[in-house]
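A short write-up of the structure that comes next.
Derivation of every value follows stated rules applied to the coordinates shown; laboratory data play no part. This one's a predicted model, so the numbers in the text were calculated from it and none came from an experiment. Ideal geometry is used to build each Cβ from the backbone, glycine not excepted, and the neighbour counts take in all protein chains shown.
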Amino acid sequence: QVQLVESGGGLVQTGGSLRLSCAGSGRTFGSYTMAWFRQAPGKKREFVARIGWSGGITIYADSVKGRFTISRDNAKNAVYLQMNSLAPGDTAVYYCAARATSTAAGQYDYWGQGTQVTVSS
């Protein structure tokens, strides 16, 4: 199995930047699709970004296109989310997720505990 641990969250002012990291342990996820989700208080979890096995294909939610960048380093068993031009609407708990090749599309096998991102107005 894979264990995922997020880090890098914190408090930032509107317009600022943060870089989130997701470190894996146990099985490596070099062949896994990796993704970031977020959940704000009172709202359901929403998709933010995902990246394919090799890092060549990335997909972003419309709300973060042009501001966020997802990347991965399979040698380090890690995935990152660079967040720029942050706004209060980005405030949420951010979760890292992993999907194995055998898992149905849209499903994720492993989830991290989450890291809090707060953007002050």
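Data table
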{"quantity": "Ratio Rg/Rh, restricted to region 2-65 and using Cα atoms, in which Rh is the Kirkwood radius", "calculated": "0.98"}
{"quantity": "Percent of alpha-carbon pairs separated by more than 24 Å within the chain", "calculated": "20 percent"}
{"quantity": "Cα→Cβ-extended label distance, 7 Å offset, between Leu11 and Ser85, nm", "calculated": "2.6 nm"}
{"quantity": "Length released on extending from Ala105 to Ile59, taking residue separation times 0.36 nm less the Cα-Cα span", "calculated": "15.2 nm"}
{"quantity": "Per-pair calculated FRET efficiency, R0 = 22 Å: Gln3 and Ser71 via Cβ, rounded to 0.05", "calculated": "0.60"}
{"quantity": "Computed magnitude of the charge dipole of the chain (debye, nearest 20; Cβ of K, R +1, Cβ of D, E -1)", "calculated": "80 debye"}
